[in-house]
Amino acid sequence: MKNLSVFVAIFSLVSLLGCQDAEDLPSTDFTINFKATYGGETLEKNKDYIFGSYPIFFEGCRLYLSDIRLVNAEREVIISEIEYLDFTPENAASATPAILFKNVPEGDYTSVSIGYGVKPQLNAKRPSNFPAGSPLSIEIDYWAGWKSYIFSVLDGKADPDNNGTKNLSFSYHCGSDAVYKIFEFNVPIKVKAGQFTTADIAFDMKEFLTNDDGSLYDMVANPATSNDATNVVVAQALTAHWGRATTITQ
């Protein structure tokens, strides 16, 4: 027991020193450019794309991200607890938001960790709990009946019959704690104090709508997520694709 106590004490001291070292490191501003794409092309609202053999277009594409972290062997740095991305704003065909993160410790990071959706600690709250301007004050993407934020939105229309009429409406609104998922991406990110530092993160909606085996998600059989809070089958299936649908570069 004595040896165990000594080990715990040493481990705690090393951890504390690691945190102190991170705080003492030189820091800089770090910008991430976010973008929604389709097959690598910037996604635009109401623009026709090809989904397998038929045309498709998107009317809404929005996404919450939690605990964006830069990670290496020495430390994990949370650069943002929550972000809200609207890639198809009301008055524009598309948007590629660039977000500036202040005072990011310099370092050679080996991976990036992202939570897709609103993490449970924050999802337990509601928009009225947050001040105006907070990403979590947005009422349109909160489900009162589910007591959950809508983590991601992908709405549009498709023409699976190829008859010139987009008569299939799809609506994928993913939410609830059961749907929240964290992915870690093994990509080197270098942050150097005194240098302009950026990275790019793209979310490909074609990959989001593609299964792990390469087949396209069956939009005809499953055109929407369920309104039943206990039925998250479609939402979980789609959210599992975010790891493949996300590309991070510097």
Q.
Please go through the range 65-93 and give me each residue that is in a loop (DSSP other than H, G, I, E, B) and buried (at least 19 other Cβ atoms within 10 Å of the Cβ), ordered by number.
A. Phe87, Thr88
**Q.** Residue within the range 116-126 that is at positive phi and assigned to a loop (DSSP other than H, G, I, E, B) present
**A.** yes
Q: Working only within the range 128-140, note down all residues that are over 21 Å from Asn227 (Cα atoms) and surrounded by 15 or more Cβ atoms within 10 Å (Cβ to Cβ).
A: Phe130, Pro135, Leu136, Ser137
Q: Being within 20 Å of the chain's Cα centre (by Cα) and more than 23 Å from Asp67 (Cβ to Cβ) is the filter; apply it to the range 141-167 and report the residue that is surrounded by the most Cβ atoms within 10 Å (Cβ to Cβ).
A: Gly156
Q) Of all the residues that make up the range 121-140, how many are closer than 15 Å to Asp177 by Cα and in contact (Cβ under 8 Å) with a residue 40 or more places away in the chain? A) 2
Q. Residues of the range 178-199 being assigned to a loop (DSSP other than H, G, I, E, B), in contact with a helix residue (DSSP H, G or I) (Cβ under 7 Å, 6 or more places away or on another chain) and of a type in the set (D, E, K, R), which ones?
A. none
Q. Given the conditions (1) within 15 Å of the chain's Cα centre (by Cα); (2) without any contact (Cβ under 8 Å) to a residue 60 or more places away in the chain, and given that Asn222 satisfies all but one, which numbered condition is not satisfied?
A. (1)
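Please determine whether any residue of the range 144-154 is farther than 23 Å from Thr230 by Cβ, touching a residue at least 12 places away in the same chain (Cβ under 8 Å) and not charged (D, E, K, R).
Among the residues of the range 144-154, not one is farther than 23 Å from Thr230 by Cβ, touching a residue at least 12 places away in the same chain (Cβ under 8 Å) and not charged (D, E, K, R), which makes the answer no.
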Q: Could you grab me the full set of residues in the range 205-223 that are of a type in the set (Asp, Glu) and assigned to a loop (DSSP other than H, G, I, E, B)?
A: Asp212, Asp213, Asp218
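Every read-out reported here was derived from the displayed coordinates using simple, explicitly stated rules and does not represent laboratory data. Note that the structure is predicted; figures quoted are calculated from it, not measured. Here Cβ is always computed from backbone atoms with ideal geometry, including for glycine, and neighbour counts include all displayed protein chains.
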